[in-house]
1. With the structure loaded, tell me whether B:THR162 is among the hydroxyl-bearing types (Ser, Thr, Tyr), surrounded by fewer than 17 Cβ atoms within 10 Å (Cβ to Cβ) and in the same structural domain as B:LYS220 (by TED's automatic domain parsing) or whether it fails that test.
2. I need the full set of residues from the range B:60-80 which are assigned to a strand (DSSP E or B) and away from ligand 3 (no atom under 16 Å from the Cβ), in order please.
3. When the residues of the range B:135-162 are narrowed to those that are within 9 Å of chain A (Cβ to nearest Cβ) and within 16 Å of ligand 3 (Cβ to nearest atom), which ends up farthest from A:ARG35 (Cα to Cα)?
4. Among the candidates B:GLN233, B:GLN193, which residue alone is touching a Pro at 6+ places or on another chain (Cβ under 7 Å) and surrounded by fewer than 19 Cβ atoms within 10 Å (Cβ to Cβ)?
5. Kindly provide the set of residues from the range A:68-90 that are more than 13 Å from every other protein chain (Cβ to nearest Cβ) and out of contact with any His (no Cβ under 9 Å at 6 or more places or on another chain), ordered by number.
6. How about the range B:201-239: which of its residues are in a helix (DSSP H, G or I) and among the aromatic types (Phe, Trp, Tyr)?
7. From B:GLY203, B:GLY197, which residue is touching a strand residue (DSSP E or B) at 6+ places or on another chain (Cβ under 7 Å) and assigned by TED's automatic domain parsing to the domain that holds B:CYS96?
Amino acid sequence: MTAAKIIINEIKGYHRFLQFMIALVVIGALASMVRFIFGLGVTTNLNDTYPWGLWISFDVVTAVPLAAGAFTLGAIVHCFHIKKLEPLVRPAIVTGFLGYSLVCIGLLLDLGQPQRGWHTMVYWNVHSPMFEVSMCVMAYTTVLFLEFLSPVCEKFGYHMPLRVLRWLEMPLVIAAASISTLHQSSLGTFFLIAVDKLHNLWYNPLLPLQFWMSAIFTGISIIILEATMVHRYLGQPDESELLEILAKILPWVLAVYLAVKVGAVAFLTHGSLFDRPGLLALFAAEVLIGVIIPMLMFMKQSNREDSRMQLRGAGMVIFGVILNRFNVSMFGMIQPDQVIYYPSVTESLVTIGIIAGHILFFVLLAKYFPIFEHHPETVDYSMPDHFHATEAHEHDQGKGVEA
Amino acid sequence: MSSADMDVTKHKTFLIDTTKCTGCRGCQVACKQWNQLKAEKTVFFSGEGYQNPPAMTEHTFTRIKFRDYEKNGQNEFAFYKEMCMHCNEPACASVCPVGAFVKSPEGPVIYNASRCIGCRFCMIACPFGIPKYEWSKAFPLVKKCTGCYSRIKEGLEPACATACPTAITYGSREEMIKEAERRLKNRPQRYFQAIYGKEEAGGTSILYLTHQPLDELGFKKVTTRPLPSYTWQALRLVPGIFLTMGGGLSLLSWFNHRKERIRQEEGFKNSKVQPEKKDEMKGDNQ
Ligand code: SF4
Ligand code: SF4
Ligand code: SF4
């Protein structure tokens, strides 16, 4: 009783926005219960023509690249050794962990037999991209969970596990990047089976490569978006100087992606590209808004330095990738004479609930756990380890130069 | 699961001669009876022409499609039996994460309902749009023509083939192809010169002969390359990419950390030494 009271009081103290998010999450949870009681057919607009709808297109196919910030930044900071960006890593891991947990929930809701989800681990079919993705998502969620344990252990002052985690840091970062490469690209492989179904504008054998590359620039853009939001609304320090480094990497990745995409569409497709004006417009929107404009924007130094421009560019990239994933998994699959699918109320409420849940849990975690206050030198890592000692030292020194 | 190691020539195969089909729909009824499928409420002209029900569903594994056409100023019908093609290399089986669909050694592509997790990838993958879902249920499974596997295990022929008075011949794939070619040769004016299913989707255990050009009858034009090969060309690279990525990044970080440590040990003056790309980036911003 008292515990419940404490929680209620705590929630009463929250900002109105957070209370709104809580309401959305509760509504989403109720809507997903409705799905289990009345069945998929009644509660969704899915049918034999549209076996996959909003839940697959957004909650899985789009949400996975949106959660790519953790692996991208991990690799940039630890493997390419741009240590300055370290302060951004932890929030990215939290976002990634939340993102992937919600992907798992979304996937389970969409399954006809969610109680059999574990079957993928027992009955292997290595020829299935879905098998590949489910294994990777499970493995990667575990990796993210381990990485996410660091702030939890810090919060409760568990030093032994912290040392283990610290020691595991590099292997985890490398595992994260390798596993992510696999499943980000395999999501593209999903649609390689849709021969003669997915329109030529998107269907080509390089789709997996494009999915992987777009995951990288989406990851970077999400970090920019998140850091800017956190600065604006959660009163955390302005990191736009660090984001500038990311804004510098971005146009390169976008340019290579654009080259691959244009090359693939020009040389690796068979059949007509321009027969469906609607799809052509979607394709053009995706490439222009999501790739070309932000690429040109971030090529200019002044734009990279400007926090508002950073946000705008990142926003466009994110919009572009969302549109791209919907184009591939939904719009591009619609045949000329088919009725158009739109999500039902239940489907929409669940997806809105999932997005709200992401924001809500992020804010709550930031509230109760040391996610932004991550300064390795203030934590006792007293491990007799030469390597970590120097690392901490370097960080000090970096700070000094900056100040 | 891939049938590369299977002898497809021995697979039980339907030869469906649409020029001999009378549109009696005996196969449709036999299939319902044998598989104990629920009747569907249907109305005339709810789909194209006389065909009924308007679509294949969880309750309908096969149906006769009707096509109206004109011959010498007369209205004529053409019929086409729609069912699972029992592909030699089935897309539905290759994409299923739990291997619920398998190509049986006898020929039919069979479904293990107790494995299925209900992800509906098979429905996306099938080039003929065959697997259907139990949308009415809270915990749905997939439904499609079984090829009457239980019957052929007992030495019987499929229910629909048994019921058909004229059009369906059933036997090994090798013989059925021979028979089809014989008919094409003997009566060239009767047949459109193609065997649908011989090459489609890499070859199937259902073969069709028609009078009309295939597209006029509503046959889908599908690739002749087995569909699983489209995804496999990417998936087969997975172990290699994993190792390259893991190894590459490990090397890179080992190298970068080592460089860092050496620099640290030798004092700060060494930071001028041969600035590399990443260092440049870092240097710019410091
Ligand atoms: S026709 Fe479709 S359902 Fe039947 S075996 Fe081929 S891929 Fe599978
Ligand atoms: S719905 Fe069932 S049979 Fe179809 S791919 Fe998914 S698990 Fe396999
Ligand atoms: S083979 Fe059996 S299940 Fe398939 S259509 Fe014929 S009767 Fe129905």
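The values are calculated or read from the model by the stated rules, or taken from the named source; none is laboratory data. If you're wondering where the values come from, they're calculated on a predicted model, not measured in any experiment. Backbone-built Cβ (ideal geometry, glycine too); neighbour counts: all protein chains shown. Surface accessibility is based on the protein's heavy atoms, side chains included, excluding ligands, DNA and RNA. Shrake-Rupley method; radii C 1.70, N 1.55, O 1.52, S 1.80 Å.
1. Considered against the rule, which asks whether it is among the hydroxyl-bearing types (Ser, Thr, Tyr), surrounded by fewer than 17 Cβ atoms within 10 Å (Cβ to Cβ) and in the same structural domain as B:LYS220 (by TED's automatic domain parsing), B:THR162 comes out as yes.
2. B:PHE66, B:ARG67, B:ASP68, B:TYR69, B:GLU70, B:LYS71, B:GLN74, B:ASN75, B:GLU76, B:PHE77, B:ALA78
3. The qualifying residue farthest from A:ARG35 (Cα to Cα) is B:VAL142.
4. Answer to the selection: B:GLN233.
5. Within the range A:68-90, A:ALA68, A:GLY69, A:ALA70, A:LEU73, A:LEU88 meet the criteria.
6. If the condition is that a residue be in a helix (DSSP H, G or I) and among the aromatic types (Phe, Trp, Tyr), then B:TYR230, B:TRP232 are the ones that fit.
7. B:GLY197
Rundown of residues vs (1) out of contact with any strand residue (DSSP E or B) (no Cβ under 6 Å at 6 or more places or on another chain); (2) open to solvent by 10 Å² or more (accessible area, probe 1.4 Å); (3) at pLDDT 95 or above, yes/no style:
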residue: B:PHE45; (1), (2), (3): yes, yes, no
residue: B:HIS59; (1), (2), (3): yes, yes, no
residue: B:ILE64; (1), (2), (3): no, no, no
residue: B:ARG67; (1), (2), (3): no, yes, no
residue: B:ASN72; (1), (2), (3): yes, yes, no
residue: B:PRO105; (1), (2), (3): yes, yes, no
